[in-house]
Amino acid sequence: MINQKAEMYKKIGISRKVWEYGEYMEKHLHRRFHQIDENAEYNQLKVIRAMQENCVKEACLYTSSGYGYNDVGRDTLEKVYASTFGTEDALVRPQIVCGTHALAVALSGNLRPGDELLSPVSKPYDTLDEVIGIRSSRGSLSEYGVSYRQVNLLPDGSFDYEKIRKAINDKTKLVTIQRSKGYQLRPTLSVQQIGELIRFIKNIRSDLICMVDNCYGEFVEKQEPSEVGADLIVGSLIKNPGGGLAPIGGYIAGGKKYVENAAYRLIAPGLGKEIGSTLGVTKSFYRGFFLAPSVTAAALKGAIFAANIYERLGFPVVPDGKESRHDIIQTITLGSPDAVIAFCRGIQAAAPIDSHVIPEPWNMPGYDSDVIMAAGTFVQGSSIELSADGPMKPPYSVYFQGGLTWSHAKLGILMSLQKLLEENLVVLPGK
Ligand SMILES: *Cc1c(COP(=O)(O)O)cnc(C)c1O
């Protein structure tokens, strides 16, 4: 049996040495993987219960066109998201193009000229720079008279409560909290930490809207930020909650008024949630959400495996091999452009689609340096599928995420290591 498997790895391009190192590492992670499966089991029940409570029926899987009046599948799906995340309401739409779009809609729907936006957790995700106007951009919130303030995390990753208290003023309207570290080397926030921060903020002014950018965080823990006080949570369906099956989409879940405000912005004032046809994607949204807890578990196992594989080879990794997890992203600092390129080429070479393609760094819209991306995905740019991104700037880190199955995530990581070895960029440890 073992030899058969080793033989198959060899056929697909993994040397015996790399495979044995992977087997060794996997054996040491069994306890950890068991905890992840327990978490996935809990979240699977949570989703099924939400589907049952809201009476999802076969008719919900049908499609609508045009205005999409009385689209029962769409309306019920939004109730399923709301029940799962413990919110009053949700907007889950294929008309939301990506995570940045969902965040832009939630922000601009709930902010008015003269209001101030506060980020108490350092700089948000790069693509939000232009949404907010941190980098000046046409149509930014700043152009519409919404000001922005930011309080950085302390060097140890904790909240700077004193500065946050001082930053909150009469104009402050909405506080945006990014759960995942994104393209930064700060730690990802746990749901518990987010809850503590929101309690602190609401104690200062209970009317502030607390919004969480929940990208990459869904189903990693048993609770979502909306269950610890967030008024709004926002994410992308081509990340965790789409389960790899949603071909597009985003969600905004939270208090009824805030979700409605977002819907008026996404569609039109006065129309809001009542319209918006689903064009045949509803079934994949349901199926993807149903699979999302176990797909997220596969991605988490991949992230933990990668951390342990590369940590032992001497590369700095965030989170480290033992830390608890609050999102599915793994950062590995490889220290040189060549290593970043080799790593990404390995991920690409392990893909089911476009494995022959050789990724190159390029100047992507929304990013401030060249970025190399590896993604042989069924859905373009889907990062719940196995993928890696590396901004071509020091300290030359790769951000690795996804994997619809654990076996595929494992292959991708072994292939990345294989490529690094072939380029003499790494030495395997002796036994
Ligand atoms: C991915 C991501 C976004 C943006 O989502 P896109 O779908 O790439 O537009 C925003 N915030 C965080 C934390 C993300 O991980």
Of the trypsin sites (Lys or Arg not before Pro) in the stretch 299-371, which ones lie in a loop per DSSP and count no more than 11 other C-beta atoms within 10 Å? K322
List the residues whose amide H sits under 5 Å from the amide H of Q150, counting only those 5 or more places along or on another chain, with H placed 1.01 Å from N in the peptide plane. S119
Give the shape of the stretch 224-279 as rounded, prolate or oblate, defined through the alpha-carbon gyration tensor: a ≥ b ≥ c are the square roots of its eigenvalues, a/c under 1.5 means rounded, and otherwise the shape is prolate if a/b is larger than b/c and oblate if not. oblate
Calc'd 3J(HN,Hα), the stretch 367-376, phi into Karplus 6.51 cos²θ - 1.76 cosθ + 1.60 (θ = phi - 60°), Hz, glycine/Pro = x, comes to 10, 9, 9, 4, 10, 9, 10, 10, 6, x
Does the stretch 1-125 classify as rounded, prolate or oblate by the C-alpha gyration tensor (a ≥ b ≥ c root eigenvalues; a/c under 1.5 gives rounded; else a/b over b/c gives prolate, otherwise oblate)? prolate
Restricted to the chain, the DSSP antiparallel beta bridge percent, nearest 5, is 60 percent
For S15, S226, S284, ascending order of other Cβ atoms within 10 Å (fewest first) is S15, S284, S226
Starting from the amide H of R93, placed 1.01 Å from N in the peptide plane, find each other amide H under 5 Å away whose residue is 5 or more places distant or on another chain. G250
Rounded to the nearest 500, the 222 nm mean residue ellipticity computed for the chain from DSSP H runs (n ≥ 4, each -39500 (n - 2.57)) alone is -13000 deg cm²/dmol
Consider all pairwise Cα distances in the chain and report the whole-number % of them above 31 Å. 40 percent
What does the extension gain come out to for A268 and S206, with contour length at 0.36 nm per residue minus their alpha carbon separation? 19.4 nm
Please report the spacing between the Cα centers of the stretch 39-96 and the stretch 226-286 in Å, no decimals. 10 Å
How high is the relative contact order of the chain, in percent, with contacts defined as C-alpha pairs under 8 Å that are six or more residues apart? 17 percent
Kindly express, to the nearest 10 degrees and within the range 0 to 90, the angle between helix 72-85's C-alpha long axis and the longest C-alpha principal axis of the chain. 70 degrees
Would you list Y62, Y21 from fewest to most Cβ contacts within 10 Å? Y62, Y21
Between L279 and E260, with labels modelled 7 Å along Cα→Cβ, what's the label distance in nm to one decimal, could you check? 2.8 nm
Can you sort L91, L111, L414 so the residue with the fewest Cβ neighbours within 10 Å comes first? L111, L414, L91
Based on the Cβ-Cβ distance from M392 to A59, what FRET efficiency comes out when R0 is 41 Å, to the nearest 0.05? 0.25
Relative to the longest principal axis of the chain, what angle (0 to 90°, nearest 10) does the C-alpha long axis of helix 406-422 take? 60 degrees
Euclidean distance of C-alpha centroids, the stretch 381-431 and the stretch 102-122, integer Å: 35 Å
For the pair L313/E143, report the inter-label distance in nm, with labels modelled 7 Å from Cα in the Cβ direction. 4.4 nm
Any chance you could give the angle, 0 to 90 degrees and rounded to 10, that helix 337-349 forms with the longest Cα principal axis of the chain? 90 degrees
Taking a ≥ b ≥ c as the square roots of the Cα gyration tensor eigenvalues, with a/c under 1.5 meaning rounded and otherwise prolate when a/b beats b/c, else oblate, which class fits the stretch 113-264? rounded
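Coordinate-derived values only; no laboratory data. Here the structure is a predicted model, which means the values were calculated and not measured. Methodologically, a virtual Cβ is constructed for each residue, glycine included, from the backbone with ideal geometry; neighbour enumeration extends over all protein chains shown.
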